[in-house]
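S.K.: Below is the structure I would like to discuss, written out as structure tokens.
The values are calculated or read from the model by the stated rules, or taken from the named source; none is laboratory data. Nothing here was measured: the structure is a model prediction, and the numbers come from that model. Neighbour counts are summed over all protein chains in view; Cβ atoms, including those assigned to glycine, are modelled from backbone coordinates with ideal geometry.
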């Protein structure tokens, strides 16, 4: 079953992204935060609610990896919109963010696993029953 994300959340997120695109800001953390929020919203819209622990862990990996890819795309879009002689985000920063996508994917999956373990949710879906 897919999760219904209210339209207001999509609109507020889009407005926040467009405001960020217009600012003369070249810090990586702001781009990464916006990419992570967008990755989370897209993953929730695509995956939805799942009773499976494995699907929850994989969706955590999707949030991490998708956040890195969306962050890189936003950096590239901002460079194209501003058109400075010296870009806000040099190519090395964008490539470095894409190179970190597998690490972010692993971190998202491990964060989802930690959440499952801390909430005592059964992991018998893929480990097997005791």
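S.K.: Considering only residues that are surrounded by fewer than 19 Cβ atoms within 10 Å (Cβ to Cβ) and over 11 Å from the mean Cα position of the chain (by Cα), look in the stretch 54-76 and name the one that is farthest from residue 88 (Cα to Cα). Full working, then the answer.
M.R.: Here is the first cut: in the stretch 54-76, the residues surrounded by fewer than 19 Cβ atoms within 10 Å (Cβ to Cβ) are 54-55, 58, 69, 73, 76.
Okay, now just the ones that are also over 11 Å from the mean Cα position of the chain (by Cα), so 54-55, 58, 73, 76.
Numbers: 54: 39, 55: 37, 58: 33, 73: 13, 76: 9 Å.
This residue is 54.
S.K.: Which pairs turn up if I take residues in the stretch 17-35 that are surrounded by 10 or more Cβ atoms within 10 Å (Cβ to Cβ) and look for partners that are in a loop (DSSP other than H, G, I, E, B) with beta carbon separation below 7 Å, at least 6 apart in sequence or on another chain?
M.R.: Filtered contacts from the stretch 17-35: 26/88; 26/89.
S.K.: Tell me whether the stretch 25-35 contains one or more residues that are at pLDDT 85 or above, under 17 Å from residue 94 (Cα atoms) and outside any helix (DSSP H, G or I).
M.R.: Within the stretch 25-35, the first condition is being at pLDDT 85 or above, and the residues that meet it are 27-35.
Then drop every residue that is not under 17 Å from residue 94 (Cα atoms), which leaves 27-35.
Now drop any that are not outside any helix (DSSP H, G or I), which leaves 27.
Scanning the stretch 25-35 turns up at least one residue that is at pLDDT 85 or above, under 17 Å from residue 94 (Cα atoms) and outside any helix (DSSP H, G or I).
S.K.: Is it true that residue 98 is out of contact with any helix residue (DSSP H, G or I) (no Cβ under 6 Å at 6 or more places or on another chain) and part of a helix (DSSP H, G or I)? Please lay out each step first, then the result.
M.R.: Details: out of contact with any helix residue (DSSP H, G or I) (no Cβ under 6 Å at 6 or more places or on another chain): no; part of a helix (DSSP H, G or I): yes.
No, not satisfied.
S.K.: Report whether or not residue 110 is surrounded by 13 or more Cβ atoms within 10 Å (Cβ to Cβ), at pLDDT below 85, over 18 Å from residue 30 (Cβ atoms) and in contact with a helix residue (DSSP H, G or I) (Cβ under 8 Å, 6 or more places away or on another chain).
M.R.: No, not satisfied.
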